[in-house]
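Report on the structure given below.
The values are calculated or read from the model by the stated rules, or taken from the named source; none is laboratory data. Given the structure is predicted, the values throughout are model-derived calculations rather than measurements. Methodologically, a virtual Cβ is constructed for each residue, glycine included, from the backbone with ideal geometry; neighbour enumeration extends over all protein chains shown. The protein model used for the area step is the full one, side chains on, heavy atoms only, and it has no ligands, DNA or RNA in it. Shrake-Rupley method; radii C 1.70, N 1.55, O 1.52, S 1.80 Å.
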Amino acid sequence: MTTTDMPRPVDADGRAVSKKQRPRGAATGGLRQAVSATTLLWVLACLYGLPVLWFILSSLKPASDLFSYPLTLVPHNPTLSGFKAAWDSANFSQYFINTTIVCVITTILTVGVSCCTGYALAKYDNKWLKVFFLCILATTMLPSEVMLAPEFLVVRDLGLYNSFAGIILPAVLTATGCFMFRQFFLTVPDELVEAARIDGARELSIFLRIMVPISRPIMLTLAILSFQWRWNDYIWPLLMLNDPDKFTVQIGIQSIVGAQNINWSVLLGASVISMIPLIAVFLVFQRYVMNADINAGLKD
């Protein structure tokens with residue numbers, strides 16, 4: 001018997017059962033929706049990426065070609081003179097070391113403090129904690145410029161002026177970090193915590209062995225954001241530091257700008273150099289964020 005002579009399957013009544021075929025329109029509609037979504041994402045990526053591409057390619061142009069008419073995207077005579085002049089005109093190696101110290105310490109403290117605060121706000125039932133959480137959220141309603149003067153007076157009176165500690169400590173507690181961890185820990189079932197307590201686990205053990213591991217995606221996300229915030233911070237280090245040996249990258253870039261004129265080639269080169277660590281941090285950690293179990297601890 002050939003394959004074409006195979007009997008058709010029958011049901012209990014002896015009637016032939018025909019195979020259900022998937023409607024052709026359903027497959028076409030799903031493909032159309034996928035293509036539409038992908039096309040939209042590519043359009044948005046191009047809209048966001050074009051200014052960045054123009055910025056990077058402009059840093060490869062000599063100063064005489066930056067404002068030539070008509071404007072061109074690709075440099076006719078690419079050169080790295082702007083990068084070399086930017087690196088030689090400022091103490092970028094020291095600026096990078098200073099900024100890295102500030103960013104790494106601040107990021108570690110921010111993630112740790114935000115994780116502890118978010119866990120307490122989510123898993124402990126106390127009316128004063130709710131009031132405290134509202135006070136934390138209220139800080140986001142004020143512009144950062146409004147808080148510069150009182151923060152400066154407090155840091156100065158503590159004797160932390162012109163020091164890295166004066167930059168790090170005010171930036172440790174962030175409302176965004178506390179909110180992120182609180183919302184995540186709210187999704188963790190209370191039964192998980194109660195089961196650990198019944199088994200004899202202490203509060204610190206529950207936090208370190210259960211809550212911290214499942215919150216790794218939030219920790220990495222906040223770490224990337226915190227590192228970016230501190231690396232690009234300009235106003236607060238400018239107020240707190242007056243020693244050139246302690247300047248951060250953003251203050252170093254500002255020192256390149258002259259009082260009468262601006263060498264745009266050098267400024268663009270310095271700006272691109274300052275972007276390299278941020279890109280490296282994102283490329284290293286984004287795969288951990290994307291591959292982590294985002295649904296860990298979530299309710300069904």
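Could you list all residues from segment 35-77 that are β-branched (Val, Ile, Thr) and part of a loop (DSSP other than H, G, I, E, B)?
Hits for segment 35-77 are THR72, VAL74.
Just to be sure before I move on: is VAL102 open to solvent by 40 Å² or more (accessible area, probe 1.4 Å) and modelled with pLDDT of 85 or more in the structure I sent?
Taking the combined requirement at face value, the residue does not satisfy it.
Name, by its number, the condition in (1) at pLDDT below 85; (2) under 24 Å from the mean Cα position of the chain (by Cα); (3) more than 30 Å from GLN254 (Cα to Cα) that does not hold for LEU44.
So the condition that LEU44 fails would be (1).
One line per residue, one yes/no per condition, for (1) over 27 Å from the mean Cα position of the chain (by Cα); (2) open to solvent by 70 Å² or more (accessible area, probe 1.4 Å); (3) under 18 Å from ILE262 (Cα atoms); (4) at pLDDT 80 or above:
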{"residue": "LEU53", "(1), (2), (3), (4)": "no, yes, no, yes"}
{"residue": "SER58", "(1), (2), (3), (4)": "no, no, yes, yes"}
{"residue": "PRO70", "(1), (2), (3), (4)": "yes, yes, no, no"}
{"residue": "SER89", "(1), (2), (3), (4)": "yes, yes, yes, no"}
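Just to be sure I understand, how many residues within segment 254-268 are in a helix (DSSP H, G or I), in contact (Cβ under 8 Å) with a residue 60 or more places away in the chain and surrounded by fewer than 21 Cβ atoms within 10 Å (Cβ to Cβ)?
Residues that pass the stated criteria total 4.
Scan segment 137-165 for residues that are at pLDDT 90 or above and among the β-branched types (Val, Ile, Thr) and jot them down.
Within segment 137-165, VAL154, VAL155 meet the criteria.
Return the total of residues in segment 72-87 being hydroxyl-bearing (Ser, Thr, Tyr) and loosely packed, with under 12 Cβ neighbours inside 10 Å.
0
Quick check on my filter: what residues within segment 233-245 are buried (at least 20 other Cβ atoms within 10 Å of the Cβ) and either in contact with a His (Cβ under 7 Å, 6 or more places away or on another chain) or part of a loop (DSSP other than H, G, I, E, B) (or both)?
The answer is ASP233, LEU241.
Of LEU268, LEU222, LEU298, LEU204, which residue is touching a Ser or Thr at 6+ places or on another chain (Cβ under 7 Å), within 30 Å of ALA122 (Cβ to Cβ) and at pLDDT 85 or above?
Result: LEU222 is the single residue among LEU268, LEU222, LEU298, LEU204 that is touching a Ser or Thr at 6+ places or on another chain (Cβ under 7 Å), within 30 Å of ALA122 (Cβ to Cβ) and at pLDDT 85 or above.
Is there a residue being open to solvent by 30 Å² or more (accessible area, probe 1.4 Å), at pLDDT 85 or above and over 30 Å from LEU186 (Cβ atoms) anywhere in segment 123-136?
The answer is no, given that none of the residues of segment 123-136 is open to solvent by 30 Å² or more (accessible area, probe 1.4 Å), at pLDDT 85 or above and over 30 Å from LEU186 (Cβ atoms).
Table: residues versus (1) under 29 Å from the mean Cα position of the chain (by Cα); (2) farther than 18 Å from TYR124 by Cα; (3) open to solvent by 60 Å² or more (accessible area, probe 1.4 Å).
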{"site": "GLU145", "(1), (2), (3)": "yes, yes, yes"}
{"site": "PRO150", "(1), (2), (3)": "yes, yes, yes"}
{"site": "LEU173", "(1), (2), (3)": "yes, yes, yes"}
{"site": "THR176", "(1), (2), (3)": "yes, yes, yes"}
{"site": "MET180", "(1), (2), (3)": "yes, no, no"}
{"site": "ARG197", "(1), (2), (3)": "no, no, yes"}
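Against the definition (within 18 Å of the chain's Cα centre (by Cα) and at pLDDT below 85), how does ARG216 come out, yes or no?
Against the criterion (within 18 Å of the chain's Cα centre (by Cα) and at pLDDT below 85), ARG216 does not qualify.
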